[in-house]
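What follows is one structure encoded as structure tokens, with my remarks underneath.
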Amino acid sequence: MGTGGIAAGGAEVINAFRTELEASGIKAAVSENCSMHKVGCRGLCAKDVLVDVIINNNKTTYQYVKPDMVSRIVKEHIKKNTPVSEWVAGEDYHNFHKKQLKVVLSDCGSLDPEDIDAYISGKGYEAARKILTSVKPEDVIGIIKASGLRGRGGAGFPTGVKWEAAMKQSAKQKYMICNADEGDPGAFMDRSVIEGNPHAVIEGMIIGAYSIGADKGYVYIRAEYPLAVDRLRKALSDARTKGFLGKNIFGTKFNFDIKVKLGAGAFVCGEETALIASIEGQRGMPRAKPPFPVYSGLWGKPTVINNVETLANVPYIIRNGAQWFASFGTEKSKGTKVFALTGKIKNSGLIEVPMGIPLREIIYDIGGGPEDGKLLKAVQTGGPSGGCIPADMLDTPVDFESLAKVGSIVGSGGMVVLDEDNCMVNVAQYFLQFTQMESCGKCVPCRIGTKRLLEILDRITKGAGKEGDIELLEKLSSDIKAASLCGLGQTAPNPVLSTIKYFRNEYEAHLQGKCPAAVCKALLTYYILEEFCKGCGACIRACPAKAITGEKKKLHKIDPAVCIKCGACFDVCKFKAVKKE
Amino acid sequence: MIKLTIDNKIIEVAEGTTVLDAARMLNIEIPTLCHHPKLTPFGGCRLCIVEVKGVPRPLTSCTTPVSEGMEVVTSTPAIEDLRKTVLELILSDHPNDCMICEKAGDCALQELAYFYGIKENRLEGERRIYKKKDGNPFIERDMEKCILCGRCVKVCEEVEGVGAIDFTYRGFQSKICPTFEKDLDCEFCGQCIAVCPTGALTGKAWKQQGRIKDTRETETTCGYCGCGCSLTLHVRGNEVIKIDSREDTINEGWLCVKGRFGYTFINSPDRLKKPLIKRNGRFEEASWNEALDYIAERLKKIKKEHGPDSIAGLSSARCTNEENYLFQKFIRAAIGTNNVDHCARY
């Protein structure tokens, strides 16, 4: 159960099962053979709450489980072994998993994240034990380099190269930091990994710290992730009790411990130098690189900062070998990537796919396509630093190079599906609202530039755009990208540039006073179609502004001068007689 | 030593030197707003960006350390175009009321706007509006003119060791202010005024007292204490209207609240110009000889009647060593008592 599952009612469902099982005497009678496990997120948020009933290795998965359904599942399925067929997860659930390839998430959704023994029984901490007791640091780095693992936080920097640079530093004190300050709107990959399998991240950190020669580590995690923080803290304390953290780990001379540092809600603290400043107790503002943190990081010491997902890959690479990992993905982008699939898509949720999978397969085979048969317009990847990939480019393979080529990025793994009802100017405006608010204020192009971009977008969506605004957006965007200090400013204009690149016609339509997707309020007019209006009066009753008049069974009319464009009439009309454009 | 080329000129500099400093050694001008030679580099204004061969994006020369064989180009059409955009952005959020600004004629931003010929601004938009509210008699803060270069924050932290101000808020709303946006309540050394490149921080004492072109500069030494800081008096007519200090002085241009602001007594009608002696319950003007004779006579009388230990001398730690030496000599040898101390030795 992750945050999503709990929000969908997972805790109530578990309680219902506990009560029901105890009341029916099953638990008492067959306690040796019956157990109940709370597991990490399985990804398919859209179908939560999911419950597996396993009888003699026969697994049945139920979807949309509510507490009042529990008693019937217990009575019919658990007692009489007849599954409640109408509640069993159907084709969607199985299709959702069919094209996925799970490495990082392989244990999420099957093991209890709060039970260290569950992790250990699945070969957990064996990789760390093997490395610490029998492999030299440079050989570990060799394995990671051979695996082709690249940073999952967004930039895709080769992990082995980063570790090697830190290892070669002669400083006595070095640091290993896990960046769990996931902040992209619509992204919840790192959160789910920590909630679902915190020990994999810890094990990855131990291996990394050993390789670079660090004896202190930090997990910098958002305070807005309370469940992840709780599970991480429990996992750290359990690992300490077992001797996997602390002094002389696995009987070796290697010492390493990890502290948790909570972020205070600044998006920019995901940028590594701002993150370091924040740990040091300073205002979270980035500084210019070089020097890079591997040379001068936390407290001026060599520091490696890896993303959660990157680190969670490490134990699996060590366990299964570099060749195994490198066998997935493309020539330059190895392994898998976790994405948070959201937006106008049927099966929204958390997915893990091999690098290089065509975007189409993610959207249609895994995601089940757009909701309600709507027309897909674009897929936004990489969050506020990313771009929009139009529907006619769905065959683009999803890997670092290919997405960069079409003007987007893999980023940390946000993937927002947009359909015909989304206005692309509005989408760009949304992301700019976010980035300009989250700019740290240090450098001019980001602080004032993103504000100006947003103002121009605002006026375009309000029908006050000026001739030359599109060109001005392009020019200002490219200047902000070139002149900004850190990754935030250098990528913030991407949503603007990519939407102009592929949907310039929508921008132009706005300048001519039309919003093709009928989203931008100021450009909309609501009116009633004579041929469909039955004169039922529903819209009159729904209108909060009293803008609609008309007698019963006669054509109703909207007064555009009074209409506040709230859309209440549009929603309430059963005859599709209200039109907006 | 590290060898590099800047604009095709070869230079050898010590390791750790920044590209900006190396360029300045070659007399190559690179525009800056947030850089200050005495403060740690900030890299926020982005005006000092340069192209470095092999690096895909421009780097700020103020933060980039030199490296062997580095090839730097400080000015290209693309770089100048970016600098112009940055300046336009700054000016789009600036009152641009230069005709009534205290800093006019001495303002780094005004200079750059002039050199880059920025008259019209493509990027006009919302401007930050702040209320002025400081009640202190020394520092005028006009935060609408603040370009967030961070120099004031750094000088307060790195030179004064006070840390009275810092960045607050995020994005466009970012602002430099004291804790909880309270009124400024610090030592009022005014170092922040000295390093502010714009008219955001000025001295209340020199408000509307005169433009730079109207003043003469007189170098002098501060008389307040034994430090002997060098002062530059800005004199208009026969009146001191402002005091600051040059960076190439013994005090490196830094001053304290007294040295910087404590000059308005000069033309004060209350200023004491001659000694006063109280006669018949009233202070009357006297000559220096009269006054000194009177003191000597009284000291002698007290010593005779009550003994030397009835007299004590208290001096100031801020006096020069020589002055303090003479003072204790006087108390010990002339008065004949060991009752001598100064304010730092309680």
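The values are calculated or read from the model by the stated rules, or taken from the named source; none is laboratory data. Keep in mind that this is a model prediction, so the values were computed, not measured. FYI the Cβ positions are ideal-geometry reconstructions off the backbone, even for glycines, and counts take in every protein chain you see. Quick note on the areas: whole protein, heavy atoms, side chains included, nothing else; ligands and nucleic acids left out. Shrake-Rupley method; radii C 1.70, N 1.55, O 1.52, S 1.80 Å.
Listed values, structure above:
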item	result
Residue in the stretch B:75-90 that is part of a loop (DSSP other than H, G, I, E, B) and under 30 Å from the mean Cα position of the chain (by Cα) present	no
Single unsatisfied condition, residue A:403 versus (1) at pLDDT below 95; (2) open to solvent by 10 Å² or more (accessible area, probe 1.4 Å)	(2)
Strands (runs of 3 or more DSSP E) fully within the stretch B:145-223 counting 1 or more residues that are within 14 Å of chain A (Cβ to nearest Cβ) and closer than 22 Å to residue A:268 by Cα	B:165-168, B:175-178
Residue satisfying all of: in the stretch B:42-60; more than 10 Å from chain A (Cβ to nearest Cβ) and surrounded by 15 or more Cβ atoms within 10 Å (Cβ to Cβ); nearest to residue B:108 (Cα to Cα) among these	B:48
Conditions (1) open to solvent by 20 Å² or more (accessible area, probe 1.4 Å); (2) under 23 Å from the mean Cα position of the chain (by Cα); number of the one not met by residue B:146	(1)
Single unsatisfied condition, residue B:99 versus (1) open to solvent by 20 Å² or more (accessible area, probe 1.4 Å); (2) free of Cβ contacts under 8 Å to residues at least 40 places away in the same chain; (3) over 27 Å from the mean Cα position of the chain (by Cα)	(3)
Residue match in the stretch A:255-278 (condition: buried (at least 23 other Cβ atoms within 10 Å of the Cβ), in contact with a helix residue (DSSP H, G or I) (Cβ under 6 Å, 6 or more places away or on another chain), touching a residue at least 24 places away in the same chain (Cβ under 8 Å) and part of a loop (DSSP other than H, G, I, E, B))	yes
Residue A:375 vs. criteria among the hydrophobic types (A, V, I, L, M, F, W, C), out of contact with any Leu (no Cβ under 7 Å at 6 or more places or on another chain), open to solvent by 60 Å² or more (accessible area, probe 1.4 Å) and more than 22 Å from residue A:401 (Cβ to Cβ)	yes
Any hit, the stretch B:4-19, residues being aliphatic (A, V, I, L, M), under 27 Å from residue B:154 (Cα atoms), in contact with a Ser or Thr (Cβ under 6 Å, 6 or more places away or on another chain) and surrounded by 22 or more Cβ atoms within 10 Å (Cβ to Cβ)	yes
Some residue of the stretch B:28-45 being touching a residue at least 12 places away in the same chain (Cβ under 8 Å), over 28 Å from residue B:206 (Cα atoms) and small (Gly, Ala, Ser)	yes
Subset of the stretch A:79-111 [assigned to a loop (DSSP other than H, G, I, E, B) and out of contact with any Phe, Trp or Tyr (no Cβ under 9 Å at 6 or more places or on another chain)]	A:80, A:81, A:82, A:90, A:99, A:100, A:102, A:105, A:108, A:109, A:110
Matching residues in the stretch A:547-569 - criterion: being more than 22 Å from residue A:518 (Cα to Cα) and either part of a loop (DSSP other than H, G, I, E, B) or in contact with a helix residue (DSSP H, G or I) (Cβ under 6 Å, 6 or more places away or on another chain) (or both)	A:550, A:551, A:552, A:553, A:554, A:555
Residues located in the stretch A:493-516, provided they are over 30 Å from residue A:483 (Cα atoms), in contact with a helix residue (DSSP H, G or I) (Cβ under 8 Å, 6 or more places away or on another chain) and surrounded by fewer than 21 Cβ atoms within 10 Å (Cβ to Cβ)	A:513, A:514, A:516
Any hit, the stretch B:122-136, residues being within 14 Å of chain A (Cβ to nearest Cβ), touching a helix residue (DSSP H, G or I) at 6+ places or on another chain (Cβ under 6 Å) and part of a helix (DSSP H, G or I)	no
Test: residue in the stretch B:232-254 that is within 14 Å of chain A (Cβ to nearest Cβ) and either within 12 Å of the chain's Cα centre (by Cα) or without any contact (Cβ under 8 Å) to a residue 60 or more places away in the chain (or both)	no
Conditions (1) surrounded by 17 or more Cβ atoms within 10 Å (Cβ to Cβ); (2) aliphatic (A, V, I, L, M); (3) more than 20 Å from residue A:188 (Cβ to Cβ): number failed by residue A:1	(3)
Hey, residue B:314 assigned to a helix (DSSP H, G or I) and of a type in the set (A, V, I, L, M, F, W, C) or not	no
Elements of type helices (runs of 4 or more DSSP H) in the stretch A:148-212, at least 3 residues being open to solvent by 40 Å² or more (accessible area, probe 1.4 Å)	A:159-167
Residue in the stretch B:100-112 that is assigned to a helix (DSSP H, G or I), more than 14 Å from every other protein chain (Cβ to nearest Cβ) and touching a helix residue (DSSP H, G or I) at 6+ places or on another chain (Cβ under 7 Å) present	yes
Checking residue A:61 against (1) open to solvent by less than 90 Å² (accessible area, probe 1.4 Å); (2) farther than 23 Å from residue A:107 by Cβ, the condition it does not meet	(2)
Subset tally (residues that are of a type in the set (A, V, I, L, M, F, W, C) and facing chain B (nearest Cβ under 10 Å)) for the stretch A:262-314	5
From A:76, A:114, residue being part of a helix (DSSP H, G or I) and acidic (Asp, Glu)	A:76
Helices (runs of 4 or more DSSP H) lying entirely in the stretch A:423-508 (those with 1 or more residues that are more than 20 Å from residue A:155 (Cα to Cα) and within 13 Å of another protein chain (Cβ to nearest Cβ))	A:424-438, A:450-461, A:469-483
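Matching residues to (1) touching an Asp or Glu at 6+ places or on another chain (Cβ under 9 Å); (2) open to solvent by less than 100 Å² (accessible area, probe 1.4 Å):
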{"position": "B:249", "(1), (2)": "yes, yes"}
{"position": "B:252", "(1), (2)": "no, yes"}
{"position": "B:265", "(1), (2)": "no, yes"}
{"position": "B:282", "(1), (2)": "no, no"}
{"position": "B:289", "(1), (2)": "no, no"}
{"position": "B:302", "(1), (2)": "no, yes"}
{"position": "B:305", "(1), (2)": "no, no"}
{"position": "B:319", "(1), (2)": "no, yes"}
{"position": "B:325", "(1), (2)": "no, no"}
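So that you can scan it fast, the table gives a plain yes or no per residue for (1) within 30 Å of residue A:348 (Cβ to Cβ); (2) of a type in the set (A, V, I, L, M):
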site: A:115; (1), (2): yes, no
site: A:120; (1), (2): no, yes
site: A:130; (1), (2): no, no
site: A:136; (1), (2): no, no
site: A:139; (1), (2): no, no
